[in-house]
1. Give Tyr98, Tyr77 a once-over and let me know the one that is farther than 23 Å from Trp183 by Cα, surrounded by 19 or more Cβ atoms within 10 Å (Cβ to Cβ) and of a type in the set (Ser, Thr, Tyr).
2. Can you say whether Val247 is among the hydrophobic types (A, V, I, L, M, F, W, C), surrounded by 15 or more Cβ atoms within 10 Å (Cβ to Cβ) and touching a Phe, Trp or Tyr at 6+ places or on another chain (Cβ under 6 Å), as far as the supplied structure shows?
3. Name the residues in the stretch 192-212 that are closer than 24 Å to Pro258 by Cα and crowded, with 17+ Cβ neighbours inside 10 Å, would you?
4. If you scan the stretch 84-118, which residues turn out to be over 22 Å from Asp50 (Cα atoms) and either within 14 Å of the chain's Cα centre (by Cα) or among the basic types (Lys, Arg) (or both)?
5. Pairs only if they're at least six apart or on different chains, beta carbon under 7 angstrom, first in the stretch 175-200 and free of Cβ contacts under 8 Å to residues at least 60 places away in the same chain, second part of a loop (DSSP other than H, G, I, E, B) and among the polar types (S, T, N, Q); list them, first residue then second.
6. Can you tell me which of (1) over 23 Å from Pro276 (Cα atoms); (2) in a loop (DSSP other than H, G, I, E, B); (3) among the charged types (D, E, K, R) is the one Glu208 doesn't meet?
7. Could you tell me whether Pro151 is touching a helix residue (DSSP H, G or I) at 6+ places or on another chain (Cβ under 9 Å), more than 27 Å from Glu214 (Cα to Cα) and surrounded by fewer than 16 Cβ atoms within 10 Å (Cβ to Cβ)?
8. With the structure loaded, tell me whether Thr216 is under 19 Å from Ile25 (Cβ atoms), among the hydroxyl-bearing types (Ser, Thr, Tyr) and either in contact with a strand residue (DSSP E or B) (Cβ under 9 Å, 6 or more places away or on another chain) or modelled with pLDDT of 95 or more (or both) or whether it fails that test.
Amino acid sequence: MRASQRRDAHAYRLHLTRSPFLKIIAWNVETLARRLPELPAVAHALGDPDVLCLQEVRVREQDRDDVAALERALPGYRCFHSLARDPYNVTYRGGRAYGVATYVKGRASGAVPAWDREGRVVVVKRGRTAIVNVYAVNGTSRPYFDEAGRPSGDRHAFKRELQRRIFELGRDLGPRVVMAGDWNVSRSQLDTHPRLRTEPPHAQARAELDALLEQTGFVDILRARNPDAKGYTWFNPRARWLDAARVDYVLVSKALVPQVRDAAICDKQPWSDHRPISVTLR
């Protein structure tokens with residue numbers, strides 16, 4: 001076979017295997033380090049997505065062996081991550097409380113915002129699309145400490161500040177942005193059972209999240225496509241009766257809304273009290 005024929009045959013094979021769709025799945029795994037050998041089987045069960053955004057991986061930045069295992073856990077994917085490096089706020093569970101990891105097929109680049117010290121945000125660019133993997137704060141009255149270790153409000157206030165920073169980041173990334181993950185907020189009564197917490201400061205975080213959506217043009221795509229449907233992504237494993245909420249969202253920039261082919265809450269997967277969520281783009 002001549003060189004030109006080999007090139008044509010290679011191009012034909014690429015044409016056959018290249019998908020016109022981009023499938024993104026986000027999932028709070030609750031913990032990942034000791035489950036890494038099972039990750040390929042779970043990814044396959046989820047349809048071998050092009051991008052897999054995992055939250056609460058509970059791996060520290062200084063755990064070199066665990067980080068190396070995290071990076072090679074899913075053959076055929078590149079791994080980009082943001083892991084906790086905050087000695088003041090990430091102290092329980094041995095400092096392994098948080099962490100996000102994004103696995104991507106194909107060419108991609110990744111970055112972590114300089115302000116993310118808790119392992120909550122990693123940005124991946126694949127082609128013209130930026131994907132932001134988000135693990136937002138579960139606000140509490142515990143104190144929050146700044147970079148110098150000084151008390152600076154509580155974690156309710158830090159939760160709202162992080163929301164603002166994430167939306168600013170999404171706005172600055174351009175017109176084709178997906179922000180997916182665990183936002184730790186239920187947006188309406190449809191999103192929780194048995195009740196929506198309407199007292200402050202929970203109501204304040206919800207109101208500010210809704211205002212940021214309005215101001216930036218990002219769309220909660222599952223709610224936009226299913227305006228009256230109930231569906232939950234977190235389930236209380238200790239409850240005798242249904243105690244559940246939708247706190248995991250895929251937010252897409254307005255320019256991408258016409259490109260959305262599908263958005264869904266996936267079937268329950270092992271390990272976690274969260275269900276994965278997915279979006280497929282043309």
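1. On the way: Tyr98 fails: farther than 23 Å from Trp183 by Cα.
After applying the criteria, what remains is Tyr77.
2. Working: among the hydrophobic types (A, V, I, L, M, F, W, C): yes; surrounded by 15 or more Cβ atoms within 10 Å (Cβ to Cβ): yes; touching a Phe, Trp or Tyr at 6+ places or on another chain (Cβ under 6 Å): yes.
In short, yes.
3. Narrowing the stretch 192-212 to residues closer than 24 Å to Pro258 by Cα: 209-212.
Leu209, Leu212 - these are the residues of the stretch 192-212 that are closer than 24 Å to Pro258 by Cα and crowded, with 17+ Cβ neighbours inside 10 Å.
4. So the first thing to find is which residues in the stretch 84-118 are over 22 Å from Asp50 (Cα atoms), and the list is 84-98, 113-118.
If the condition is that a residue be over 22 Å from Asp50 (Cα atoms) and either within 14 Å of the chain's Cα centre (by Cα) or among the basic types (Lys, Arg) (or both), then Arg85, Arg93, Arg96, Tyr98, Arg117 are the ones that fit.
5. From the stretch 175-200, the pairs are Thr192/Ser186; Leu196/Ser186; Leu196/Ser188.
6. (2)
7. Working: touching a helix residue (DSSP H, G or I) at 6+ places or on another chain (Cβ under 9 Å): no; more than 27 Å from Glu214 (Cα to Cα): yes; surrounded by fewer than 16 Cβ atoms within 10 Å (Cβ to Cβ): yes.
Considered against the rule, which asks whether it is touching a helix residue (DSSP H, G or I) at 6+ places or on another chain (Cβ under 9 Å), more than 27 Å from Glu214 (Cα to Cα) and surrounded by fewer than 16 Cβ atoms within 10 Å (Cβ to Cβ), Pro151 comes out as no.
8. On the way: under 19 Å from Ile25 (Cβ atoms): no; among the hydroxyl-bearing types (Ser, Thr, Tyr): yes; either in contact with a strand residue (DSSP E or B) (Cβ under 9 Å, 6 or more places away or on another chain) or modelled with pLDDT of 95 or more (or both): yes.
Here the answer is no, as Thr216 does not meet what is asked.
The values are calculated or read from the model by the stated rules, or taken from the named source; none is laboratory data. The model shown is predicted, which means the values in this text are computed figures rather than measured ones. Counting neighbours? That spans all protein chains shown, and the Cβs are built from the backbone with ideal geometry, glycine included.
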